Amino acid sequence: MTATTWRALLKGKHQLSLRLFLLLNAFSAGFSIVSPSANTQHFTAPIIMVLVISMSCLLWQFINKKKLININMVSLIIGLLWAWHIYIKVSAMPVVDLNFLIIALLAILFIGSISFINNIQAFFASCLPATAVILWLDHGANWPRVLYSVVLPGIGITIQHIIQKRNDNFTRRLMDKLLEEKETLNDLSMLDPLTGLYNRRGFRNRLDTILALGSGQHFVLLLDIDHFKAYNDNYGHSMGDQALTHVSAAIRDAVRSRDVVTRYGGEEFMILLTDIDAERAIQTAERIRQRVYDLKIPHLFNDDVATHVTASIGIAALEQSDIEEALRQADTALYRAKRQGRNSILISDSLLPA
């Protein structure tokens, strides 16, 4: 779940709550017109307004699903209309009918408590106007019963509101934590776990960013540790992993922070030198080769070159954003460096003077 889907979920809950409130009020208003609970006029201005407003808002909600209606304002308006309706009906009675008052109050409380189980403000906005009018019309004779009828669901909704708010806060914190962990995992998925360098996926991600900037000349270096299979076979893979870690650190220390160092294969590394000319790229490659040589990692099975770990490097220019062609040329230069004695640097044919 993302922040966007979280907001969409809250918006959906808001819309469903409002639609239920409007539907129940429309039904209740229609029922009051068809079958009034007191022997007085069937139609009153407020009851017709409740019906019209409820149906209009419902229609608006279905037509404009992305736009929210202020639920507290709608609740207050409809609550005031119900209070006005009760006042008109009671004013037309020769004697105040307590049963009518109780039935009207319970109907309003039922609609509010069902629709706004998690919205205490909307609940009281819809119920308090009618409650105040009923207490006034009854002259406070049955105020304990009236208040009990309002306070009981009010307490229940308040408790439910507090519980839901805590659940929402917990869910939001959990979602934020999961998003942080997702970003961390995305970052880790772009790194080689042994050396901490970029893997091929991480390189592609950085390359897209660099190419999007579209400035300067870039060069690709392919580096391979000489006779590394023999090193692993004779010293063991644990020592081989240590050698890879030291070599990767030497490469990283020899380049600039804006250059991209990637573990391209088992003992093969790829370095993207950004915004640099050919002469400085060759100088950087030589610095990398020398740093690896200076590690003095014993390698007795590399005696045709040295008695410690060395590296060979091929260099090619990255032209027209064609990374595949640059890698092919760098790999060809690396292969030639291997054949010509290792522990050396060769540039691709495209960089040779005509």
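Once phi is turned into ³J(HN,Hα) by the Karplus curve 6.51 cos²θ - 1.76 cosθ + 1.60 with θ = phi - 60°, what whole-Hz value does each residue of the stretch 292-307 show in order, with x for glycine and proline?
So the Karplus estimates, Gly and Pro as x, are 5, 4, 6, 5, 6, 6, x, 8, 5, 9, 10, 5, 6, 10, 6, 9 Hz.
Return one number: the angle in degrees, 0 to 90 and rounded to the nearest 10, between the long axis of the Cα atoms of helix 323-339 and the longest principal axis of the Cα atoms of the chain.
The answer is roughly 30 degrees.
Given a 1.4 Å probe, how much area per residue of the stretch 166-303 is accessible, in Å²?
On the way: 7560 Å² over 138 residues.
Value for the stretch 166-303: 55 Å² per residue.
Using a 1.4 angstrom probe on heavy atoms only, work out the carbon and sulfur share of the accessible area of the stretch 230-354 in %.
Details: 2890 of 6150 Å².
That fraction is 47 percent.
Can you give the Rg/Rh ratio of the stretch 150-259, where Rg is from the C-alpha atoms and Rh is the Kirkwood radius? Provide the component values of the computation, followed by the final result.
Details: Rg = 25.7 Å, Rh = 19.1 Å.
Ratio of gyration radius to Kirkwood radius: 1.34.
Find, to one decimal place in angstroms, the Kirkwood hydrodynamic radius of the chain, where the mean of 1/r is taken over every pair of different Cα atoms and then inverted. Please report the intermediate quantities before stating the final value.
On the way: mean 1/r = 0.0372 Å⁻¹.
Hydrodynamic radius (Kirkwood, Cα only) of the chain equals 26.9 Å.
Rg over Rh of the stretch 233-354, using C-alpha atoms and the Kirkwood radius, what does it come to?
Values: Rg = 14.5 Å, Rh = 15.0 Å.
Computed over Cα atoms, the ratio is 0.96.
Is the shape of the stretch 95-137 rounded, prolate or oblate, going by the alpha carbon gyration tensor and its root eigenvalues a ≥ b ≥ c, with a/c under 1.5 for rounded and a/b larger than b/c for prolate?
oblate
For the stretch 30-157, with all protein chains present and a 1.4 Å probe, just round the carbon and sulfur fraction of the accessible area to a whole percent.
Working: 4960 of 6830 Å².
Using a 1.4 Å probe with all protein chains present, the stretch 30-157 comes out at 73 percent carbon and sulfur.
On the full set of protein chains, 1.4 Å probe, figure out the accessible area of Glu319 and give it in Å² to the nearest 10.
My reading of the accessible area for Glu319 is about 100 Å².
Here is the link list: Lys67/Lys177; Lys296/Lys338; Lys13/Lys65; Lys13/Lys89; Lys13/Lys67. Which ones come out longer than 24 Å on Cα distance? Can you show the working numbers first?
Details: Lys67/Lys177 30 Å; Lys296/Lys338 20 Å; Lys13/Lys65 12 Å; Lys13/Lys89 35 Å; Lys13/Lys67 13 Å.
Listed pairs above 24 Å: Lys67/Lys177; Lys13/Lys89.
Take each of the peptides 245-255, 141-151, 220-230, average the number of other beta-carbon atoms within 10 Å over its residues, and list them starting from the highest. Please list the in-between numbers first.
Values: 245-255: 18.5, 141-151: 14.5, 220-230: 21.8.
Answer by packing, highest mean first, reads 220-230, 245-255, 141-151.
So how strong a dipole does the chain carry about its Cα centre when Lys and Arg Cβ are +1 and Asp and Glu Cβ are -1, to the nearest 20 debye? List each step's numbers first, then the result.
Numbers: 34 positive and 31 negative charges, 343 e Å.
For this selection, approximately 1640 debye.
Under the Karplus relation 6.51 cos²θ - 1.76 cosθ + 1.60, θ = phi - 60°, what is the ordered set of whole-Hz ³J(HN,Hα) values for the stretch 115-125, x standing for Gly and Pro?
7, 10, 4, 10, 10, 5, 5, 5, 4, 5, 5
Can you pull the accessible area of Phe203 for me, 1.4 Å probe, Å² to the nearest 10?
That residue has around 10 Å² of solvent-accessible surface.
With a 1.4 Å probe and all protein chains left in place, how much accessible area per residue does the stretch 43-120 have, in Å²?
Working: 4060 Å² over 78 residues.
Result: 52 Å² of accessible area for each residue.
The values are calculated or read from the model by the stated rules, or taken from the named source; none is laboratory data. If you're wondering where the values come from, they're calculated on a predicted model, not measured in any experiment. Backbone-built Cβ (ideal geometry, glycine too); neighbour counts: all protein chains shown. What goes into the accessible areas is simple: the full protein's heavy atoms, side chains included, and nothing from ligands, DNA or RNA. Shrake-Rupley method; radii C 1.70, N 1.55, O 1.52, S 1.80 Å.
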